[in-house]
Ligand SMILES: Cc1cc2nc3c(=O)[nH]c(=O)nc-3n(C[C@H](O)[C@H](O)[C@H](O)COP(=O)(O)OP(=O)(O)OC[C@H]3O[C@@H](n4cnc5c(N)ncnc54)[C@H](O)[C@@H]3O)c2cc1C
């Protein structure tokens, strides 16, 4: 990091969106400095936890099967967001996924076909060989080869912005403050999901019991500074991607392997041993992202996913082994739940199950009758020992509150003018496309599309 130099493009953050922006700006011939607040071994933010990105394609293409049209992608997005999306920006994202794989490949990213347990997304999602960590490493290698400067352990703590024009950033590294001037800036520093105080301000004290699935470095500091500097915002601070994860997961950075995927094969009860939602409402990939919020609404923000021996082998096991017992009462004791309450919930559930032919690959006819809440598919009596339980907590993946951007990734100000030389990409603007809900793999689609746009536009602006 050369503090005496005025870079053309300063990139705030060091994940997927930041690197896509940095590489694109450098390829356009501009000088670029990436500021990553994590140390080198933790570089890459939430992007290093990812597995795939969702891509449109008109015919089978490298690892993607069949076809997934722009229209189908758009309709899927419309349905999960309930219309809370900006169609123009969403379609830009979707269209860019038709061609971005070639660019990614040119910068060292490799893809692999879906493996067992993820075959249901082989048509829509391209998996990264080696996961997000390999993708991030490939991008850093490519960026450095191109001559992008990278400064790790460097937190952006201040932005000098006046009238929508960026002048410099104040950063701290090794306890020493520096001021860095640049002609343009790309904000790609993630959401505020790891800022527990901000989560509590949005959700109330229940947020105390949330676990953060990704990086501890996405504290929303850059987002807050942009808001304070007059950025127009989009998104509800309580909206985000929130799934049910194993309650034994670490507070931060547990990643994908802590997700509990057996909910639709059994029942889920709360601290009182009571069921609270239809576990078989729809296919798990369409429902997993609602269970974090459901658990967040329960007493003490805890739930327990309970299955019997019949479910074993039918889901991807999380990293923690389940609690195991020979009877439901013993399982209750292992979970410190009231044994009478849990036994009564299980026997009422079992009595309500109507005969059907179980098929986890389709919306089958195994349902309960006369039970509230019902279980509408894959309902089978929980009667075959041993019995297993996973404790569940809400796991925040990322938040949707962000800055408004236009189709050139320019940050929009409160008076609806585009900022002069400030661009945004990735989680920090994902709320433009994702008002609520989630479509697996679209986080990386948004970051890749808008990262590249932001890098190109910043390069053009810096050269003007
Ligand atoms: C466990 C998990 C699995 C996921 N799986 C998928 C998946 O398979 N597919 C998918 O599409 N999405 C997935 N996501 C979501 C995906 O990670 C995000 O949508 C995407 O990575 C966002 O990229 P980004 O570059 O905006 O943010 P990030 O990759 O989080 O990068 C933000 C960067 O900003 C840095 N930073 C933050 N504050 C500062 C500051 N003040 N100064 C300097 N640097 C700062 C951070 O250190 C980090 O490097 C997953 C998320 C998690 C947590």
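The values are calculated or read from the model by the stated rules, or taken from the named source; none is laboratory data. On a predicted model such as this, the values are computed, not experimentally measured, just so you know. All Cβ positions, even for glycine, are placed from backbone atoms using ideal geometry, and neighbour counts span all protein chains on display.
Assess whether residue 84 counts as being more than 17 Å from residue 454 (Cβ to Cβ), within 18 Å of the chain's Cα centre (by Cα) and at pLDDT 95 or above. First the steps, then the outcome.
Numbers: more than 17 Å from residue 454 (Cβ to Cβ): yes; within 18 Å of the chain's Cα centre (by Cα): yes; at pLDDT 95 or above: yes.
Taking the combined requirement at face value, the residue satisfies it.
For the condition closer than 30 Å to residue 168 by Cα, touching a residue at least 40 places away in the same chain (Cβ under 8 Å) and more than 16 Å from the ligand (Cβ to nearest atom), what is the one hit in 89, 146?
Working: 89 fails: more than 16 Å from the ligand (Cβ to nearest atom).
Answer to the selection: 146.
Return the only residue of 429, 411 being modelled with pLDDT of 95 or more, under 30 Å from residue 114 (Cα atoms) and touching a helix residue (DSSP H, G or I) at 6+ places or on another chain (Cβ under 7 Å).
Numbers: 411 fails: under 30 Å from residue 114 (Cα atoms).
Step by step, each of 429, 411 is checked, and only 429 is modelled with pLDDT of 95 or more, under 30 Å from residue 114 (Cα atoms) and touching a helix residue (DSSP H, G or I) at 6+ places or on another chain (Cβ under 7 Å).
Is it the case that some residue within segment 164-181 is within 14 Å of the ligand (Cβ to nearest atom), under 20 Å from residue 409 (Cβ atoms) and either in contact (Cβ under 8 Å) with a residue 60 or more places away in the chain or surrounded by fewer than 22 Cβ atoms within 10 Å (Cβ to Cβ) (or both)?
Within segment 164-181, one or more residues are within 14 Å of the ligand (Cβ to nearest atom), under 20 Å from residue 409 (Cβ atoms) and either in contact (Cβ under 8 Å) with a residue 60 or more places away in the chain or surrounded by fewer than 22 Cβ atoms within 10 Å (Cβ to Cβ) (or both).
For segment 75-129, give me each residue that is out of contact with any strand residue (DSSP E or B) (no Cβ under 9 Å at 6 or more places or on another chain) and over 23 Å from residue 400 (Cα atoms).
99, 102, 103, 106, 107, 108, 116, 117, 119, 120 - these are the residues of segment 75-129 that are out of contact with any strand residue (DSSP E or B) (no Cβ under 9 Å at 6 or more places or on another chain) and over 23 Å from residue 400 (Cα atoms).
Just to verify a result, which residue in segment 211-256, among those that are within 12 Å of the ligand (Cβ to nearest atom) and assigned to a strand (DSSP E or B), is farthest from residue 160 (Cα to Cα)?
245
Going through segment 350-360 one residue at a time, which ones are under 24 Å from residue 317 (Cα atoms) and either touching a strand residue (DSSP E or B) at 6+ places or on another chain (Cβ under 7 Å) or touching a residue at least 60 places away in the same chain (Cβ under 8 Å) (or both)?
Selection gives 360 alone.
Just checking, which of 226, 211 is at pLDDT 95 or above, in contact with a strand residue (DSSP E or B) (Cβ under 6 Å, 6 or more places away or on another chain), within 26 Å of residue 302 (Cα to Cα) and surrounded by 21 or more Cβ atoms within 10 Å (Cβ to Cβ)?
Among 226, 211, only 211 is at pLDDT 95 or above, in contact with a strand residue (DSSP E or B) (Cβ under 6 Å, 6 or more places away or on another chain), within 26 Å of residue 302 (Cα to Cα) and surrounded by 21 or more Cβ atoms within 10 Å (Cβ to Cβ).
Report the residue count in segment 333-342 for those that are in contact (Cβ under 8 Å) with a residue 12 or more places away in the chain and in contact with a strand residue (DSSP E or B) (Cβ under 8 Å, 6 or more places away or on another chain).
Adding up the residues that qualify gives 4.
Among the residues of segment 13-60, which ones are on the phi > 0 side of the Ramachandran plot and either under 19 Å from the mean Cα position of the chain (by Cα) or near the ligand (Cβ under 7 Å from one of its atoms) (or both)?
Start the filter on segment 13-60 by keeping residues that are on the phi > 0 side of the Ramachandran plot, which leaves 13, 29, 44-45.
Across segment 13-60, the qualifying residues are 13, 44, 45.
When segment 185-201 is examined, which residues are found to be free of Cβ contacts under 8 Å to residues at least 40 places away in the same chain and either away from the ligand (no atom under 11 Å from the Cβ) or crowded, with 24+ Cβ neighbours inside 10 Å (or both)? It would help to see each step written out before you state the result.
First pass over segment 185-201, keeping only residues free of Cβ contacts under 8 Å to residues at least 40 places away in the same chain: 195-198, 200-201.
Across segment 185-201, the qualifying residues are 196, 197, 198, 200, 201.
Give all pairs with beta carbons closer than 7 Å in which a residue from segment 64-77 that is more than 16 Å from residue 126 (Cα to Cα) meets a residue that is surrounded by 13 or more Cβ atoms within 10 Å (Cβ to Cβ) and at pLDDT below 95; count only pairs at least 6 apart in sequence or on separate chains.
Close Cβ pairs (under 7 Å, with a partner that is surrounded by 13 or more Cβ atoms within 10 Å (Cβ to Cβ) and at pLDDT below 95) amount to 76/439; 77/439.
So residue 242 passes all but one of these: (1) modelled with pLDDT under 95; (2) farther than 21 Å from residue 47 by Cα; (3) in contact with a strand residue (DSSP E or B) (Cβ under 7 Å, 6 or more places away or on another chain). Which condition number does it fail?
(2)
Go through segment 3-12 and give me each residue that's in contact with a helix residue (DSSP H, G or I) (Cβ under 7 Å, 6 or more places away or on another chain) and within 11 Å of the ligand (Cβ to nearest atom). Steps first, answer last, please.
At the first step, the residues of segment 3-12 found to be in contact with a helix residue (DSSP H, G or I) (Cβ under 7 Å, 6 or more places away or on another chain) are 8-9, 11-12.
Those that are in contact with a helix residue (DSSP H, G or I) (Cβ under 7 Å, 6 or more places away or on another chain) and within 11 Å of the ligand (Cβ to nearest atom): 11, 12.
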